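Asks: Following this message is one structure expressed as structure tokens.
The values are calculated or read from the model by the stated rules, or taken from the named source; none is laboratory data. Keep in mind that what you see is a predicted model, and the values were worked out from it rather than measured. Note that each Cβ is placed from the backbone with ideal geometry, even for glycine, and that neighbours are counted across all protein chains shown.
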Amino acid sequence: MASSTQSSSLWHKHAIFEKNSIILVIGIIVAIAWGGLVEIVPLFYLKSTIEKVDGVRPYTPLELAGYNIYVREGCYLCHSQMIRPLRDEVERYGHYSLAAESMYDHPFQWGSKRNGPDLARVGGKYSDDWHRDHLRNPRAVVPASIMPSYPWLEKTPLDSTHIGDQMKTLSVVGVPYTQEMIDSAEADLKAQGAGDGKAATALVKRYPKTVVRDLTAEKDGLTELDALVAYLQHLGTQVDFKLYDDKANIR
Amino acid sequence: MANATEPRVDARTGTATTGHEWDGIAELNTPLPRWWLWTFYLTIVWSIGYWIVYPAWPGVTGFTQGAFGWHARSAVVDDLKELQAIRGPGEAKLAAAKLDEIEKNPELLAFARASGGAAFANNCAPCHGAGAQGAVGYPNLNDDDWLWGGSLDDIQQTITHGARWDADKATRSSLMPAFGRDGILKADEIANVAQYVRSLSGLPNETNANLAKGKELFATNCAVCHGDDGKGKQEVGAPNLTDKIWLYGSDTASIVNRINVGGGGQMPAWGGRLDPTTIKALTVYVHSLGGGK
């Protein structure tokens, strides 16, 4: 509330910034650098922010393809994947989300809006058929639902030609996809949707606890719906909370 | 832009100007409202209080812990403990009681129904409906027509281990063959069986239907699970075909489609997701909806 520039008190020193654009730019850089130093840098070295959790693995190629569809259709606009450590959320959705559970999501799907329920632990909560019925027309199973229908997903063949490239890119930013995983991406993707077999055994060896389904019995090839269901059924199932130590990260 | 040495005052409003002037238009230097400014200062002071009370500043090996050691993860543990203190006594009684005792004890029954109702709304309603009325492919739980049995023990078994849920070894399993897709029956044979199945519950048939042929095919292909009389077998989850309750629809097209693709609905095993007491409450809730045996 400087009503005068006469005073030479500290309060009025900001006039230096306002009148010299170079000094202003330097001032902005210093302020942002300090903010970054305090808020971002510790996340890379503080033990409590980079908690290692058993069971977390990168997505299988089919789950990754489903993740892509989840992002493409904007599911995150109405569904969060972030169970906060609050009583009512833990009561409804299960154990609160751990940072490690979304560490291989680029970008993460925490979301900030809950027109629909949180999906962080939706995996295994409903049957595959339910997900198919529900995505085709949510009103068929939940009459009061306001979710849009996604009928084209089951009619659109899944394009998996670039899934290996995407895994290669993700490996650059720290997702531990091995060269072997990248090379067998398309084979793994098909194996997860084709039921039992040698290829499926190899897939489960590379990606522990993967659920393999026979999805091609009634049609040729996999659809986008198959990938999305595989992704949804995987959500929140990686960490075994019977073994997870709740107190490990409480000081 | 004039460099002000004297405070200039706008004659019309009596307010000081910043000294900036463009084409005779001066910029008023109206001070911020006092209440706003003091609220702003107060928030700054408040933030200092936050630094002291809550975890705040990062350091080299850790961060400031806050004066009272508050932590989001321990806070929720405490909240859940508090909740357990309220629910605990009721849950302990429920856990100790046998299933059939619960229904005879009005106090326990009320507790189980309230607890089971909440669990049902969260976990079961998406498939079975908010009023347990079901949907096409998802059984109605209000009636007395049960796929896997409607006794308390049967219901508990189904909830705990699910149906056709491969991850659970004790799951209810059986799979109707895909008579059409896998070429076990021809299209005209399926049409006749479908017509015969409709006749079992007194539904009208198409005029050209060969019911005798349908009956013969039913006896050799379907009766092993659905029974010679079509009344179903709960041991294998085969529905009763003689009643008016249809899981996938009673029209000819729906029946033909079901014979074509076979299979059956899946239900998740809730044993790994819900604790045994909640499953007990759910069992009593579902049993008490109207159709419990």
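Asks: Which condition from (1) under 19 Å from the mean Cα position of the chain (by Cα); (2) more than 14 Å from chain B (Cβ to nearest Cβ) is the one that A:H162 breaks?
Replies: Unmet for A:H162, out of (1) under 19 Å from the mean Cα position of the chain (by Cα); (2) more than 14 Å from chain B (Cβ to nearest Cβ): (1).
Asks: When you look at B:G131, is it on the phi > 0 side of the Ramachandran plot, free of Cβ contacts under 8 Å to residues at least 60 places away in the same chain and more than 8 Å from chain A (Cβ to nearest Cβ), yes or no?
Replies: For B:G131, the condition - on the phi > 0 side of the Ramachandran plot, free of Cβ contacts under 8 Å to residues at least 60 places away in the same chain and more than 8 Å from chain A (Cβ to nearest Cβ) - is not met.
Asks: For residues in the stretch A:72-125 being more than 25 Å from B:L83 (Cβ to Cβ) and basic (K, R), which is modelled with the highest pLDDT?
Replies: Checked the stretch A:72-125; the qualifying residue modelled with the highest pLDDT is A:R72.
Asks: Return a yes/no flag: does the stretch A:10-28 have any residue that is within 13 Å of chain B (Cβ to nearest Cβ), modelled with pLDDT under 85 and not in a helix (DSSP H, G or I).
Replies: No - not one qualifying residue is present in the stretch A:10-28.
Asks: Is it true that B:G90 is within 30 Å of B:W270 (Cα to Cα) and in contact (Cβ under 8 Å) with a residue 24 or more places away in the chain?
Replies: yes
Rundown of residues vs (1) within 14 Å of chain A (Cβ to nearest Cβ); (2) in contact (Cβ under 8 Å) with a residue 12 or more places away in the chain; (3) not charged (D, E, K, R), yes/no style:
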{"residue": "B:D229", "(1), (2), (3)": "no, yes, no"}
{"residue": "B:N240", "(1), (2), (3)": "no, yes, yes"}
{"residue": "B:T252", "(1), (2), (3)": "no, yes, yes"}
{"residue": "B:Q266", "(1), (2), (3)": "yes, yes, yes"}
{"residue": "B:W270", "(1), (2), (3)": "yes, yes, yes"}
{"residue": "B:T283", "(1), (2), (3)": "no, yes, yes"}
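Asks: Assess whether B:I102 counts as being more than 23 Å from the chain's Cα centre (by Cα), more than 14 Å from every other protein chain (Cβ to nearest Cβ) and buried (at least 20 other Cβ atoms within 10 Å of the Cβ).
Replies: Judged against the criteria, B:I102 is a match.
Asks: Still on this structure: For the stretch B:43-55, state whether one or more residues are within 11 Å of another protein chain (Cβ to nearest Cβ), surrounded by 12 or more Cβ atoms within 10 Å (Cβ to Cβ) and among the hydroxyl-bearing types (S, T, Y).
Replies: Taking every residue of the stretch B:43-55 in turn, none turns out to be within 11 Å of another protein chain (Cβ to nearest Cβ), surrounded by 12 or more Cβ atoms within 10 Å (Cβ to Cβ) and among the hydroxyl-bearing types (S, T, Y).
Asks: Still on this structure, I have one more. Say whether the condition of being touching a Lys or Arg at 6+ places or on another chain (Cβ under 7 Å) and either buried (at least 17 other Cβ atoms within 10 Å of the Cβ) or outside any loop (DSSP other than H, G, I, E, B) (or both) is met by at least one residue in the stretch B:277-286.
Replies: Yes, the conditions are met somewhere in the stretch B:277-286.
Asks: Before we move on, is A:V142 buried (at least 18 other Cβ atoms within 10 Å of the Cβ), within 14 Å of chain B (Cβ to nearest Cβ), outside any helix (DSSP H, G or I) and within 23 Å of the chain's Cα centre (by Cα)?
Replies: Taking the combined requirement at face value, the residue does not satisfy it.
Asks: Okay, moving on. Residue check, A:L153 against (1) assigned to a loop (DSSP other than H, G, I, E, B); (2) away from chain B (no Cβ under 14 Å), all met but one. Which one?
Replies: Unmet condition: (1).
Asks: Is it the case that B:G66 is away from chain A (no Cβ under 14 Å) and surrounded by 14 or more Cβ atoms within 10 Å (Cβ to Cβ)?
Replies: Spelling it out, it is not the case that B:G66 is away from chain A (no Cβ under 14 Å) and surrounded by 14 or more Cβ atoms within 10 Å (Cβ to Cβ).
Asks: Turning to a different aspect of this structure: Determine which member of the set B:N221, B:N142 is at pLDDT below 95 and not assigned by TED's automatic domain parsing to the domain that holds B:A112.
Replies: After ruling out the rest, the residue left standing is B:N221.
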